[in-house]
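Heads up: the structure comes next, in structure tokens.
A short reminder: the numbers here are calculations on the coordinates, not readings from a lab. Note that the coordinates shown come from a computational prediction; the quantities given were computed from them, not determined experimentally. In this analysis, Cβ positions are derived from the backbone assuming ideal geometry, glycine residues included, and neighbour counts consider all displayed protein chains.
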Amino acid sequence: MVDSTWWHLLFGNLSAGALPFYSPIATGAAALVVAGAIGVVLLLNWFGGWKWLWTEWLTSVDHKKIGIVFVAIALVMFSRAVIEAIMMRLQQAMGFDSPGYLPPDHFSQLFTTHGTIMVFFMAMPFLTGLINYVMPLQIGTRDLSFPVMNSVSLALTAAGAALMMVSLDLGKFSTGGWSGYPPYTELSYNPGVGPDYWIWAVTLSSISSTMTGINFAVTIYKKRCPGMHFLRMPLFTWTALATSIMMIFAMPPLTVATLLLACDRYLGMHFFTNSGAGNMMNFVNLFWLFGHPEVYILILPPFGVYSELFSTFSAKRLYGYLSLVYATAAIAFISFMVWVHHYFTMGQSADINAVFGIATVAVGVPTGVKIYDWMLTMYRGRVRFSVPMLWSLAFAITFVIGGLTGVLLATPPVDYVVHNTLFLVAHFHNMIIPGTLFGMLAGYHFWFPKATGFRLHEGWGRFIVFCFVIGFYLAFFPLYAMGLEGMPRRTQEYYDPAYYPWAIVAMVGAGFIFLGLLGLLTQLVVSILNRDKLACHIGDPWNGRSLEWSVSAPPPEYNFAVLPRVEGRDSFTAAKAVDIAYRRPTRYEAIEMPKNSAVGPLIAFASFSCAFGLVWHIWWMASGGFVMAWLVVIARSFVRDTRKVISATEVERIEKRWLREVALTRPVSRDDEFTCANKGLAETTE
Amino acid sequence: MPGTASLRDKHSPMNEARQIWYRGSVCRVFIAAMLASGLCAACSGSAQASFLAPGGPIAAQEGNLFYWVIGLMMIVLIPVFVLVPWFAWRYRRSNSRSEYRPGWDFSWPLEFLIWGVPVLLLLGLAFLIWPNTVRLDPYKPVDGTTPMEVQVVGLDWKWLFIYPELNIATVKEMAFPMERQVHFAITSDTVMQSFFIPTLGSQVYAMAGMVTQLHLKADRAGTFKGENNQFNGMGFQDQKFAAIALPASNFKDWVRKVRELGRPLDENGYKALEERTTVKAPVYFSSVEPGLFRKIVQKYALGNRQPLASRPDRQEARR
């Protein structure tokens, strides 16, 4: 008895039963996580990279490095979630009148982690990373308004992602879906640690995103370079602004919802329970009050990316800039008034359903306008079919089909018959894959040379586009058909032979998507191996139009030796046209930059410990982590020496070296865009 | 730049091949889209368990609405399907004959068109959506006739159907007379579920402590698939039932069969149903404990206590 008390004090509910030996697949996945972690540690040891990791990455508050880490986390988590998706497709391909290879318990963990990861640990970090990297460069500033808070945002997302990974090794994850509806996720129906993992991973992510939103919005309001009026900002920055405002308003309801659910589970409260006058409808309201703006948070930054791409690769000014700005604002605004469409079938009055249905269709108006604006951007342009442009074209055509099914779902009587079926699953994948995923991967290809100094391999890029586009159609169009035939989502086994052929086709599609994932990895490796051939250190490989292309690739820590002055839209194109790009400034000045800070990694450690302790009821760890996180914040407020100075001579040295290289490089025509001749200096005549 | 010429010439066969590949990829995406949607429509037309092969007036109207919305949306979709590939190809860089105006970025007529058409379409859809939502409200009776009452209780992982007027109950099988509307009063004695018979139309959530309502009608005889659409645990995939629409005389036979084969649904019987299990074959109950449905709802209505009005001490006091 004494033993077990001691054990409980030290390790909470952890026991040998938490180890993942309940199925070979779970054991394999857990082993993969452990092997991956050991591999990283060994590599770091081998190359003596610990100090480098600490000073260059973990403690860095440079928005560019934080952006890269966000994207790296997104790509790692993306790989896991894609593999989970393929496992589910395989199960459904095998699950006709047969238990298949995944028991319901495992299958339901998979759809929960797949959704949770794709939304909170793939899409959100990806877009946060891209905005982090690109937005400050686009508005001509040297960093975000709150660089340390930025690194804390990263820390919280990283802690959440780590919690997701640990859940593979210890205990089982929630089976309640990414939306975690109570009362199913309440203690009385799910006493295990699963929902707790979900609660704390999502809570960390939501707090991170709230802080990110504040940081981005303040930066865009306050730190634009001289002359950068609101209506001169590149469209990507506009969508970043809309997104960050939405994050500020949409994320807190989620934090509240998950914390209230935690109150139910940990403190015996009754917010959403069946008994004790709890009401799960309140959770559903709070969740979608976040959840609907959330899908537009996911879609607006890619819309910004597409705006940049259509203009850059059509070598033409963006058609209807103002239209696009108003459309962005309209989408952001209306998206807060449509959340009820996620539960038309809850039994509210017909008038309420009609109002929310029509409001939902209304969001389609500015979205449709955007598609037409991009189309007209190609009109009388000179379209180059580079990889980002292929993504954009595939997006434009595929996305409108998702828009169509979205309007169907927004029509309440139609929703009554397709809600919660695979039709719904097909619809939101039809929005998020061409919208968010294609957009993010296009942005990754587009800005990769800016971040690393070399381009990604074009041929492999086309292979990836091909696999994902074909894979998407094959994997998700059958789901529309299955949904129309009434197949519920989240079904592990089925008895209707009508679904079977569709499940097989969807499985083939999932195979293509898996090839695309492998292609993504191969492309990265091939590009790194060929980095000398693909180098474009001058920084403008695509004949870019906005400020981020006017600096070297990768940009120096301070971004701009002299803060730019902007006279209009597409300012870099304008500068190139009158040949004042790459001008040597008259004088270099010392630049003040924020110093590295250990706050980020410490908070990552503390918040992870707190969350992990809470999941397993290891109270010393949970309270220790919580106290430590706040102590770190308080201690930081006493640090006065937070800025460092980069001397004028150092700035001059860096800039001169780059400008000398510019002078020695021959500008390339767009015909040679994909050849080794493209060193990142563009010929200005089209 | 040394070596540039040897890298790739604009008119080299390599470049030609590349151009063909580009054209291919754009078209391929388009063709795949068209094919897939065609397939989708073709398949759903022949579907069995679908509102597109309706078994009653609600599903039929919902199916009509489905096609109407698709038709209207084509006004904005078809131009995208046609113009995106066309513009991309027509204004490709290698086509030196096409016009190039890099500074052109605005046109009032076009602006009116791209905002105006979707706004008009929104208005059109609004006029389609609102009346139809009111007309097809699940709470609204299908017609003026007296409906047959069925009380539906969502359990883990089965549906219990109580016929209060006939004093019988079933699990896994729910028969009803065709050409007569059925009024479902729906609740849950566990987590949230969703009650759905795709061939007949609308689904509605089942929630503990609350009663939702649904009106459906079958205008042909048949056995339709019924299901729970909201994931509720490990037996979720087995929570199906047969919804059997029968001619009136056959329905009477069915009721007789239930009375003959069934046993009474008492407290112990209900306890067995409450267990988290799946049910393979239909279960019949020849009689039902009076007020069972209300009891199940009230269990959760005010925090495990009965509503004040029905508590004996409260009635005592009033007297």
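For the stretch A:535-686, just say rounded, prolate or oblate: build the C-alpha gyration tensor, square-root its eigenvalues into a ≥ b ≥ c, call rounded for a/c under 1.5, and beyond that prolate if a/b exceeds b/c, oblate if not.
It comes out prolate by the Cα gyration axes.
Trypsin sites (Lys or Arg not before Pro), restricted to the stretch B:241-302: which are DSSP loop and have at most 10 other Cβ atoms within 10 Å?
Those that pass, being in a loop and sparsely packed, are B:Lys280.
Return the calculated 222 nm mean residue ellipticity for chain A, to the nearest 500 deg cm²/dmol, obtained by summing -39500 (n - 2.57) across DSSP H runs with n ≥ 4 and dividing by the residue count.
That comes out to -21500 deg cm²/dmol.
How shielded is A:665-672 by partner chains, expressed as the average number of their Cβ atoms within 10 Å of its Cβ atoms? The partial results should precede the final answer.
Numbers: counts 1, 3, 1, 2, 2, 1, 6, 6.
Average per residue, whole number: 3.
Run the quick spin-label model on A:Trp619 and A:Ala329: label points 7 Å from Cα toward the beta carbon, then report their separation in nm to one decimal.
About 5.3 nm, to one decimal.
For the stretch A:194-206, just list the computed ³J(HN,Hα) in residue order, Karplus coefficients 6.51, -1.76 and 1.60, θ = phi - 60°, integers in Hz, with x standing in for Gly and Pro.
x, x, 5, 3, 4, 4, 6, 4, 5, 4, 4, 4, 5
List the GluC sites (Glu not before Pro) in the stretch A:466-574 that DSSP assigns to loop (not H, G, I, E or B) and whose Cβ has at most 14 other Cβ atoms within 10 Å. Which are they?
Here the sparse-neighbourhood loop sites are A:Glu567.
Would you pull out the residues with amide H under 5 Å of B:Ser188's amide H, same chain only if 5 or more places away, H placed 1.01 Å from N?
Those lying under 5 Å, H to H, from B:Ser188 are B:Gly154, B:Met207, B:Ala208, B:Gly209, B:Met210.
Give the average, rounded to an integer, of partner chain Cβ atoms located within 10 angstrom of each Cβ in B:284-295.
Taking all residues of B:284-295 together, the mean is 0.
Going by alpha carbons, how many degrees (0 to 90, nearest 10) lie between the helix axis of A:350-378 and the longest principal axis of chain A?
30 degrees
Once Lys and Arg get +1 and Asp and Glu get -1 on their Cβ, which of A:His292, A:Phe272, A:Leu9 lies farthest toward the positive end of the dipole of the protein assembly as shown?
A:His292
Expressed as an acute angle from 0 to 90° and rounded to the nearest 10, what is the orientation of the C-alpha long axis of helix A:24-46 relative to the principal long axis of chain A?
So the helix axis and the longest Cα principal axis differ by about 30 degrees.
Based on the mean of other Cβ atoms within 10 Å per residue, sort peptides A:128-141, A:645-658, A:91-104 so the most packed one is first.
A:128-141, A:91-104, A:645-658
Calculate the dipole size of the stretch A:70-548 relative to its Cα centre from +1 charges on Lys and Arg beta carbons and -1 charges on Asp and Glu beta carbons; express the result in debye to the nearest 20.
Magnitude of the dipole: close to 1800 debye.
Modelling each spin label as a point 7 Å along the Cα-to-Cβ direction, I'd like the A:Asp532/A:Phe47 distance in nm, to one decimal.
Inter-label distance under the simple model: 1.8 nm.
Peptide A:176-185: average number of partner chain Cβ atoms within 10 Å per residue? Mind showing how you got there, number by number?
Working: counts 4, 2, 0, 0, 0, 5, 2, 8, 9, 1.
Mean shielding count: 3.
Which value in nm describes the separation of the simple spin-label points at A:Ser647 and B:Val82, placed 7 Å from the Cα toward the beta carbon?
Label-label distance for A:Ser647 and B:Val82, simple model: 6.8 nm.
I need the phi-derived Karplus couplings for the stretch A:9-14: 6.51 cos²θ - 1.76 cosθ + 1.60, θ = phi - 60°, integer Hz, Gly and Pro marked x.
Per-residue couplings from phi come out as 4, 7, 10, x, 8, 5 Hz.
Treating the angle as unsigned and between 0 and 90°, give the value, to the nearest 10°, between the Cα long axis of helix A:235-267 and the longest Cα principal axis of chain A.
Tilt of helix A:235-267: around 30 degrees.
Whole-Hz Karplus ³J(HN,Hα) for the stretch B:127-137, in order, using 6.51 cos²θ - 1.76 cosθ + 1.60 and θ = phi - 60°, x for Gly and Pro?
5, 7, 6, 4, x, 5, 5, 5, 5, 9, 4
Which cross-chain or sequence-distant (5 or more) residues have an amide H under 5 Å from the amide H of B:His183, H modelled 1.01 Å from N in plane?
For B:His183, whose amide H was placed from the backbone, the distant partners under 5 Å are B:Met148, B:Glu149, B:Val150.
Express as a percent, rounded to the nearest 5, the fraction of DSSP beta bridges in chain A (both residues included) that run antiparallel.
Roughly 75 percent of the DSSP beta bridges within chain A come out antiparallel.
What percent of all Cα-Cα pairs in chain A falls in each 20 Å bin, counting up from 0?
The distribution over chain A is 17, 53, 27, 3, 0, given as percents.
Express in whole angstrom the spacing between the alpha-carbon centres of the stretch A:303-371 and the stretch A:499-532.
The stretch A:303-371 and the stretch A:499-532 have Cα centres separated by 30 Å.
Let me spell out the model: positive unit charges on the Cβ of Lys and Arg, negative unit charges on the Cβ of Asp and Glu, origin at the Cα centre of the stretch A:540-616. What dipole size does that give, in debye rounded to 20? Please report the intermediate quantities before stating the final value.
Working: 8 positive and 8 negative charges, 23 e Å.
My answer is approximately 120 debye.
Whole angstrom only: what separates the Cα centroid of the stretch A:552-600 from the Cα centroid of the stretch A:83-159?
With the stretch A:552-600 and the stretch A:83-159 each reduced to a Cα centre, they are spaced 33 Å.
Check each of the trypsin sites (Lys or Arg not before Pro) in the stretch B:175-220 and keep only those in coil by DSSP with at most 14 other C-beta atoms within 10 angstrom; list them in order.
B:Arg220
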